[in-house]
């Protein structure tokens, strides 16, 4: 059952500019799926990422569930729920059960034509519904779809990696470089984290003022060149940098480089994105790391990962540069803030307060604008490498070097 939002929310009719943003992201998702050959639309390109057609159908289902059923009173569709609810079909079962793009595309077109009328009617008859407060439902759908669009890009990078022949010859050879870090100091004290505004997810609320000891955080994320030096210094094989748990992952995965890095026959490293092979810029933030790799690098650098509260305070104080190129792993597990209340449903955050998910902050190049805020909290299992994540270093005290 949905829980009422904070009393500070005000009620008003649908914001046309928000609806335009929702329409843009719908169009972007549908265009992306159309651009992929039919067989690849339903293929599962990565073990943790559903087929593209499932994401397209899931986004439609979510709109029909929250606007159609919850607000407009339309009948619940058990068959659609079974196909597109995250707890319905197992990921491995989804490819075979997906409809072709054409009927799904037609459903989308029909739904988008009905959507404004259904939402406007709900605003007229149920103006005090919590989903309509400050256009929460539009803000929720924009962010939800944006997150799925990013996940679809993860699938497409996995597709490109599977198609890569290992023959790309970069014009510039990536060369390693000694790690140099400029740390920015945050003095001991209280600082505000979280967000109570209408864009925020429930796990960002309520905002509060924890007391943190002094710390120093790197101004920029770790670069490709610095990470290559870690690799050349046998960082992947030196057990001093790896815990028992992370060594088990490393050995099982056979990891020796970031997820989307490849080495050609000449021994030169290059990267792969959705378009295929690319050169790796030496100064660009390294991407394609899981939390185990990020922590191993931090130990190698005689540092640690930041707690997410440290990251957010540093971000709000404008101490951080190059935010938004890669997600940045934090040291802490994903946890509820004091006074947390689930909204609009328990399933978005509560199941993941399980001690098995690690928080990430920032954004990647594929992240939607709607989620690029200081308080936004991403979360994944520590072994996930496909999520465009890197590493920013931190120290527990105010260092200046």
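The values are calculated or read from the model by the stated rules, or taken from the named source; none is laboratory data. These numbers come from a predicted model, not from an experiment. All Cβ positions, even for glycine, are placed from backbone atoms using ideal geometry, and neighbour counts span all protein chains on display.
Residues that are more than 20 Å from the chain's Cα centre (by Cα), assigned by TED's automatic domain parsing to the domain that holds residue 159 and surrounded by 14 or more Cβ atoms within 10 Å (Cβ to Cβ) do not occur anywhere in the stretch 50-57.
Just the residues that are assigned to a helix (DSSP H, G or I) and surrounded by 18 or more Cβ atoms within 10 Å (Cβ to Cβ), please, taken from the stretch 315-329. Within the stretch 315-329, 315 is the sole residue that qualifies.
It is to be established whether one or more residues within the stretch 244-256 are touching a strand residue (DSSP E or B) at 6+ places or on another chain (Cβ under 9 Å), modelled with pLDDT of 95 or more and assigned by TED's automatic domain parsing to the domain that holds residue 361.
So far as the stretch 244-256 goes, no, none of its residues is touching a strand residue (DSSP E or B) at 6+ places or on another chain (Cβ under 9 Å), modelled with pLDDT of 95 or more and assigned by TED's automatic domain parsing to the domain that holds residue 361.
Scanning the stretch 273-310 for residues that are under 16 Å from the mean Cα position of the chain (by Cα) and in a helix (DSSP H, G or I) yields 291, 308.
It is to be established whether one or more residues within the stretch 64-72 are free of Cβ contacts under 8 Å to residues at least 40 places away in the same chain and more than 27 Å from residue 135 (Cα to Cα).
Filtering the stretch 64-72 down to residues free of Cβ contacts under 8 Å to residues at least 40 places away in the same chain leaves 65, 69.
Now restrict to residues that are more than 27 Å from residue 135 (Cα to Cα): none.
No; the residues of the stretch 64-72 include none that is free of Cβ contacts under 8 Å to residues at least 40 places away in the same chain and more than 27 Å from residue 135 (Cα to Cα).
Among the residues making up the stretch 302-314, those that are buried (at least 20 other Cβ atoms within 10 Å of the Cβ) and either within 17 Å of residue 182 (Cβ to Cβ) or in contact with a helix residue (DSSP H, G or I) (Cβ under 9 Å, 6 or more places away or on another chain) (or both) are 303, 305, 306, 310, 311, 314.
For the stretch 185-208, the condition holds for at least one residue, the condition being that it is surrounded by 15 or more Cβ atoms within 10 Å (Cβ to Cβ), more than 21 Å from residue 337 (Cβ to Cβ) and touching a residue at least 60 places away in the same chain (Cβ under 8 Å). So, in the stretch 213-234, how many residues would count as being farther than 18 Å from residue 325 by Cα and part of a strand (DSSP E or B)? Going through the stretch 213-234 one residue at a time, the tally reaches 2.
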